[in-house]
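Structure first, commentary second.
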Amino acid sequence: MEKIPAHIAIIMDGNGRWAEAQGKERYEGHIEGVASVKACIKAARKSGVRYLTLYAFSTENWGRPQAEVDALMQLFCQSVTKETPELVEQGVRVRFIGRRDRFSEEVRERLLHIERSTAEGDKLTLVLAFDYSSRDELVRATRSVAEKVERGELKAEQIDDKLISAHLDTADMPDPDLVIRTSGECRLSNFMLWQASYAEMYFPQIMWPDFREEAFAKALAVYAERNRRYGLL
Ligand code: FPP
C-alpha cells in the first residue's frame, strides 16, 4: 500500500513571480493561488491526508507594501468565508495558528466564527497559519511555560519536548510528515521549525498558482519513495 502522510504542511510560494511572468499584477497571482488552495484541500481529503497546513500569512508579511497586505487580508478572509459552507459539507475542520492580537476585531470574530462553524468536520483538518512564524510561536510558548514555573504550577525539571509541544499553537496535532515549498526556494523561512524536525522536505520547481491536483499527486508519490529513519538505522 502507498504510504500517505498524515500531515502535509505547505509553504505556498511564487504567487508574485507567477503573476509577473505573465505580465499581471502580483495580486492576480494570489487570486490564482486560492484556486490551488481549493484543489489541494480536495486532493488531500480524497487521498486520506488528515491534516493540511497552509502558510497563508507570515509575521514578516506585515512588512510588504500596505496595499498588498490589505489585498491579502481581504482575499484571505473573503475566500475562507465564502468557502465555509462547502468546507462544512466536505467534513473539513478549519483551525488557525499564529497570533490573533494584530488583527482587527472584525477579522478576529470572523476567524472564530469559521472555526466554530467547521468544528464538527472529521475528514480533514485544514490548519491555516495566519500571522504565524515559528520563532514567534516558540517565544509565546516559552513565556507561557515560564509563567507556570513562576506561579509554582510547574518545576523546571518537568520541561521536556512533550511539554514544549503541548504549549505550541499546534498542541493537539501530529507533526508534519511532509513539508512542501513551491517555487524552487529551499528554505523553511520561520515555518514549523520545531514541528518539522523529522519531516521530509520537498521543493518542487513550480509556482503555487500551478500547484494543482497533478502536482499534489506527484508530491504524494515522492513522499512514498522516501525512507524515514528518525535517527535510527
Ligand atoms: C507567497 O507568494 C504567497 C503568499 C504570501 C500568500 C499566500 C496566500 C494565498 C494563496 C491566498 C489566500 C490563502 C487562503 C488559504 C485562502 P509570494 O507573494 O511571496 O510570491 P513571490 O515569492 O513570487 O513574490
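Read-outs: derived from the displayed coordinates by stated rules, not from any lab. Small disclaimer: the values here were computed from a predicted structure and weren't measured. Every residue, glycine among them, receives a Cβ derived from its backbone with ideal geometry; neighbour counts consider all protein chains shown.
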Ordered by packing density, taken as the mean number of other Cβ atoms within 10 Å over each peptide's residues, highest first, how do 35-43, 140-148 rank? 35-43, 140-148
Once the dipole of the chain is set up with Lys and Arg at +1 and Asp and Glu at -1 on Cβ about the Cα centre, which of Gly48, His113, Leu87 lies farthest towards its positive end? Gly48
What span do the alpha-carbon atoms of the stretch 1-100 cover on each of the three principal axes, reported in whole Å from largest to smallest? 45, 31, 24
Would you work out the relative contact order for the stretch 1-106, in percent, from Cα pairs under 8 angstrom that are 6 or more residues apart? 28 percent
Which entries of Lys3/Lys46; Lys42/Lys218; Lys3/Lys42; Lys24/Lys218; Lys42/Lys162 show an alpha-carbon separation above 26 angstrom in the structure shown? Lys24/Lys218; Lys42/Lys162
Kirkwood Rh, the chain, all Cα pairs: how many Å? 18.6 Å
Between Glu68 and Lys38, what is the label-to-label distance in nm when each label sits 7 Å out along the Cα-to-Cβ direction? 2.5 nm
Using a basic spin-label model with each label point 7 Å from the Cα along Cα→Cβ, how many nm lie between Asp101 and Glu213? 4.5 nm
In nanometres, what is the gap between the two model label sites at Ile4 and Asp161, each 7 Å from Cα along Cα-to-Cβ? 2.7 nm
Give me the number: length gained by fully extending Ala171 to Phe203, i.e. 0.36 nm times residue separation minus the C-alpha to C-alpha distance, one decimal in nm. 8.9 nm
Counting Lys and Arg as +1 and Asp and Glu as -1 over every other residue whose Cβ sits under 10 Å from the Cβ of Ala196, the net charge comes to -3
By per-residue mean of other Cβ atoms within 10 Å, what is the highest-first order of 9-16, 164-171? 9-16, 164-171
Could you give the length gained on full extension between Glu60 and Arg17, defined as 0.36 nm per residue of separation minus the Cα-Cα distance, in nm? 13.6 nm
Residue separation between Arg135 and Arg151 times 0.36 nm, minus their alpha-carbon distance, gives in nm 3.3 nm
Hey, got the dipole for the stretch 119-226? About the Cα centre, +1 on K and R Cβ, -1 on D and E Cβ, debye to the nearest 20? 240 debye
Connecting every pair of Cα atoms under 10 Å apart in the chain and solving the GNM, the largest mean-square fluctuation among Thr53, Thr81, Thr118 falls on Thr81
Chymotrypsin sites (Phe, Trp or Tyr not before Pro), loop per DSSP, at most 13 other Cβ atoms within 10 Å - longest free stretch of the chain: 1-197
Summed side-chain charge close to Ala6 - residues other than Ala6 whose Cβ falls under 12 Å, Lys, Arg +1, Asp, Glu -1: 0
Assuming a viscosity of 1.002 mPa s and a temperature of 20 °C, what translational diffusion coefficient in µm² per second does Stokes-Einstein assign to the stretch 98-216, Rh being the Kirkwood radius over Cα pairs? 127 µm²/s
